[in-house]
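Contents: one structure, followed by commentary.
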Amino acid sequence: MPSDNKINFGAVAIGRNEGERLRRCIKSLSSPTRVVYVDFGSTDGSAEWARGHGADVIELDPSLPFTAARARNVGFRRLRQVEPNLSYVQFVDGDCELIKAWPEHAISFLAAHPDVAAVCGRRRERFPERSIYNWLADQDWNGPLGEVRACGGDVMMRATALEAVGGYRDDVLAGEEAELCVRLRAAGWRIWRLKSDMTLHDIAMTRFSQWWRRIVRAGHGFAQGAYLHGASPERHRVWESVRAWLWGVLLPIVCLGIGIVFGPWGWAIWLIYPLQMLRQTVRNRGPFRERAVLALFQVLARFPEACGQIRFLYDLLLGRQVRLIEYK
């Protein structure tokens, strides 16, 4: 990595009880000038281990609601305090290992494109073969290349751009990266995804209940995103929210009503769900079996997404603060 870039590169990792995954993460962050690790209530010695291996560790106040957005903001502010002249910051989740060549690719791209605020690459699952849920996560990470509307949690950012828009919103429970990118693009910045591998992620998801809670969190994020930025022209997360309500709430009510009113023939209306799975199978890419499995979970996901939508509205109406939805 060119020396003039290296002195301006810091890293912020966040995590909770990641154990060996955090150890791989911290060890992979060998090139930044400084590494800040933000811990939120670990009981497995993560904070002590990170501190003993050179990271600047911040343990969040557990009396305040935790969000990944809040953790990243705290870490970024700490970086700016100790390295006020840094130009770039790499955010990484504590269950990810940074690919060695990634920082050079990312910083070179940002240096050559002064209107780009954030650049991400390919996040891959470390063990996609261990469970269907790991494989589904790996499919999620495989997004389009080039200019994109949003990045993920692992991203190299231009420090001045992040500071100019006020950082992440502390109160966004999920989808905080996409919400930030809405504000970055509104300010005239661009977001880019490169073909280069960026991180290895270990989601370690082996149970259906974990997958369900993860999608509930996503549904909550869609609802909050639409609440914050759903107006035209952005229409942020509006379609995802409408889709969740349609397939996860309204259609089941309609199908149940038709079945009760019209009897056996009426229950045939539920075939709309396998027909939607067939439609998704045709639209997906790859071998037939993979397309079919992906389609099954794409349709099934509408139900936990709807639960997340309902949870957001419930909290909003009661004026309650957001609460962490954990799936590990």
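The values are calculated or read from the model by the stated rules, or taken from the named source; none is laboratory data. On a predicted model such as this, the values are computed, not experimentally measured, just so you know. For neighbour counting, all protein chains shown are included, and Cβ atoms are generated from backbone atoms with ideal geometry for every residue, glycine included. Note: accessible area is taken over every heavy atom of the protein model, side chains too, but ligands, DNA and RNA are not part of it. Shrake-Rupley method; radii C 1.70, N 1.55, O 1.52, S 1.80 Å.
Laid out as a table, the results:
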| read-out | value |
| --- | --- |
| Identity of the residue in segment 224-257, among the hydroxyl-bearing types (S, T, Y) and assigned to a helix (DSSP H, G or I), that ends up least open to solvent (accessible area, probe 1.4 Å) | S241 |
| Residues satisfying the stated conditions in segment 285-309, i.e. in contact (Cβ under 8 Å) with a residue 40 or more places away in the chain and either in a helix (DSSP H, G or I) or farther than 19 Å from L173 by Cβ (or both) | V293, L294, F297, V299, R302, F303, P304, E305, A306, C307, G308, Q309 |
| Among residues of segment 31-51, those that are touching a residue at least 40 places away in the same chain (Cβ under 8 Å) and either open to solvent by 10 Å² or more (accessible area, probe 1.4 Å) or touching a Cys at 6+ places or on another chain (Cβ under 9 Å) (or both), counted | 5 |
| Selection from segment 177-207 of residues that are assigned to a helix (DSSP H, G or I), open to solvent by 10 Å² or more (accessible area, probe 1.4 Å) and within 30 Å of I132 (Cα to Cα) | E177 |
| All positions within segment 122-164 that are open to solvent by less than 20 Å² (accessible area, probe 1.4 Å) and either basic (K, R) or in contact with a helix residue (DSSP H, G or I) (Cβ under 8 Å, 6 or more places away or on another chain) (or both) | E125, L136, C151, G153, V155, M156, A159, A161, L162 |
| Those residues of segment 82-97 which are open to solvent by 10 Å² or more (accessible area, probe 1.4 Å) and either closer than 19 Å to D197 by Cα or without any contact (Cβ under 8 Å) to a residue 24 or more places away in the chain (or both), in sequence order | P84, Y88, D93, D95, E97 |
| Count of residues meeting criterion [open to solvent by less than 20 Å² (accessible area, probe 1.4 Å) and over 16 Å from S209 (Cα atoms)] in segment 297-328 | 4 |
| Among the candidates A174, A187, A223, A218, residue that is small (G, A, S) and modelled with pLDDT under 95 | A174 |
| Hey, I260 assigned to a helix (DSSP H, G or I), open to solvent by 50 Å² or more (accessible area, probe 1.4 Å) and at pLDDT below 95 or not | yes |
| Residues satisfying the stated conditions in segment 214-235, i.e. out of contact with any Lys or Arg (no Cβ under 9 Å at 6 or more places or on another chain) and over 22 Å from K328 (Cα atoms) | A231, S232, P233, R235 |
| Residues within segment 90-104 that are part of a loop (DSSP other than H, G, I, E, B) and under 23 Å from R78 (Cα atoms), tallied | 2 |
| P65 closer than 20 Å to Q321 by Cβ and touching a residue at least 60 places away in the same chain (Cβ under 8 Å) | yes |
| Some residue of segment 212-223 being open to solvent by 20 Å² or more (accessible area, probe 1.4 Å), more than 17 Å from the chain's Cα centre (by Cα) and not β-branched (V, I, T) | no |
